[in-house]
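The values are calculated or read from the model by the stated rules, or taken from the named source; none is laboratory data. A quick note: this is a predicted structure, and the numbers were derived from the prediction, not measured. Backbone-built Cβ (ideal geometry, glycine too); neighbour counts: all protein chains shown.
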Amino acid sequence: MRFHIITIFPEMFDSYLRESILGRAIKDKKISIKFYNPMSFCKPKEHVDGRPYGGGPGMVLRPEFFLQAFSKIKTKDKRKTKIILFSPSGKKFDTAYAKNSAKKYTDIVMISGRYEGIDARVQKILKAEEISIGDYVLTGGELPAMVLIDCISRQIKGVLGKYESLEEERVSSSEVYTRPEVLKYKNKNYKVPKVLLSGNHKLIEEWKKAKK
C-alpha cells in the first residue's frame, strides 16, 4: 500500500511514523508514505492561503498549489487509487472502511487542510471523497491522516505480527487488566474480576462481550 499525503506540515508525521507497527511496516516495505507540500509551489513572497471570497473569518488554502502538489503523485493504476479530503461533514471513517480500502486500493491520496479549509474547487476537480473521523473539528487534517494510515495499515497482510494479528481478531472490551492481581491504593484493594482468573474461556468471552 502506498500512501500519498498532501500537507503543508509534513514534519508533524515524523515521530508517529517512525515508531512501533508503522515504523516496522515502512522498514519492511509493507507500506510506503510520501509527502507533497503545496508550499513548495509558492513563488517568493507568495502565500499558500488567501482571504475567503464573500467574507468570513480565517484564511482559505489556495487551490492551485494543492493541484500542483497532486500532479506530482504517480500511481500505477487510477482504478486502484483512492483520493480522500478530510472534512467534518464527510463520511464517517470506521474499521469496515479501512478493511475495504486495504483490499480494494494500492494507492491512497489524503489531502490535509488547515485554517478555514481548502478552496472547494480542489474537491470538485479531483472528485475526492470527503471523510470525517468524528463529530468534532480539528486544527488540521494531519491527525485524521495519521488515523487512516494506522487503521488501514493494520488490515494489510504482514503488517501485524502473528501475536498482534491474533489479538486483533479476539473479542475486545472496554476493561482490561494485568498484574498485580490485587492493587493496593490509598488503603483500598482493587481486584481483578474473578472471571478473568477462572481459565474458563467461554465465560471470559461472555464477560468481554458484556463490557463492550
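Data overview
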| quantity | calculated |
| --- | --- |
| All positions within the range 126-148 that are closer than 14 Å to Lys82 by Cα and of a type in the set (A, V, I, L, M) | Leu126, Ala128, Ile131, Ala145, Leu148 |
| Criterion violated by Phe66 - all others in (1) at pLDDT 95 or above; (2) part of a helix (DSSP H, G or I); (3) touching a Lys or Arg at 6+ places or on another chain (Cβ under 9 Å) satisfied | (3) |
| Any hit, the range 99-116, residues being hydrophobic (A, V, I, L, M, F, W, C), under 18 Å from Glu142 (Cα atoms) and in a loop (DSSP other than H, G, I, E, B) | no |
| Flag for Glu116 being more than 21 Å from Ile31 (Cα to Cα), under 26 Å from the mean Cα position of the chain (by Cα), acidic (Asp, Glu) and surrounded by 11 or more Cβ atoms within 10 Å (Cβ to Cβ) | yes |
| Only listed residue being in a strand (DSSP E or B) and surrounded by fewer than 16 Cβ atoms within 10 Å (Cβ to Cβ), chosen from Lys45, Lys82, Lys34 | Lys34 |
| Subset of the range 13-23 that is without any contact (Cβ under 8 Å) to a residue 60 or more places away in the chain and in a helix (DSSP H, G or I) - its residue that is farthest from Lys72 (Cα to Cα) | Ser20 |
| Count - residues of the range 1-12 that are in a loop (DSSP other than H, G, I, E, B) and closer than 16 Å to Glu64 by Cβ | 1 |
| Count - residues of the range 49-69 that are over 11 Å from Asp119 (Cα atoms) and touching a helix residue (DSSP H, G or I) at 6+ places or on another chain (Cβ under 9 Å) | 2 |
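For every residue, the table says whether it meets (1) over 16 Å from Phe9 (Cα atoms); (2) touching a Cys at 6+ places or on another chain (Cβ under 7 Å); (3) free of Cβ contacts under 8 Å to residues at least 24 places away in the same chain; (4) in the same structural domain as Ile156 (by TED's automatic domain parsing).
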{"position": "Lys29", "(1), (2), (3), (4)": "yes, no, yes, yes"}
{"position": "Tyr36", "(1), (2), (3), (4)": "no, no, no, yes"}
{"position": "Phe41", "(1), (2), (3), (4)": "no, no, no, yes"}
{"position": "Gly50", "(1), (2), (3), (4)": "yes, no, yes, yes"}
{"position": "Val60", "(1), (2), (3), (4)": "no, no, no, yes"}
{"position": "Ser71", "(1), (2), (3), (4)": "yes, no, yes, yes"}
{"position": "Thr75", "(1), (2), (3), (4)": "yes, no, no, yes"}
{"position": "Arg79", "(1), (2), (3), (4)": "yes, no, yes, yes"}
{"position": "Lys82", "(1), (2), (3), (4)": "yes, no, no, yes"}
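Residue by residue, here is whether (1) within 23 Å of Leu67 (Cβ to Cβ); (2) of a type in the set (A, V, I, L, M, F, W, C); (3) exposed (fewer than 14 other Cβ atoms within 10 Å of the Cβ) holds:
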{"site": "Lys91", "(1), (2), (3)": "yes, no, yes"}
{"site": "Lys103", "(1), (2), (3)": "no, no, yes"}
{"site": "Ile108", "(1), (2), (3)": "yes, yes, no"}
{"site": "Ala128", "(1), (2), (3)": "yes, yes, no"}
{"site": "Ile131", "(1), (2), (3)": "yes, yes, no"}
{"site": "Gly141", "(1), (2), (3)": "yes, no, no"}
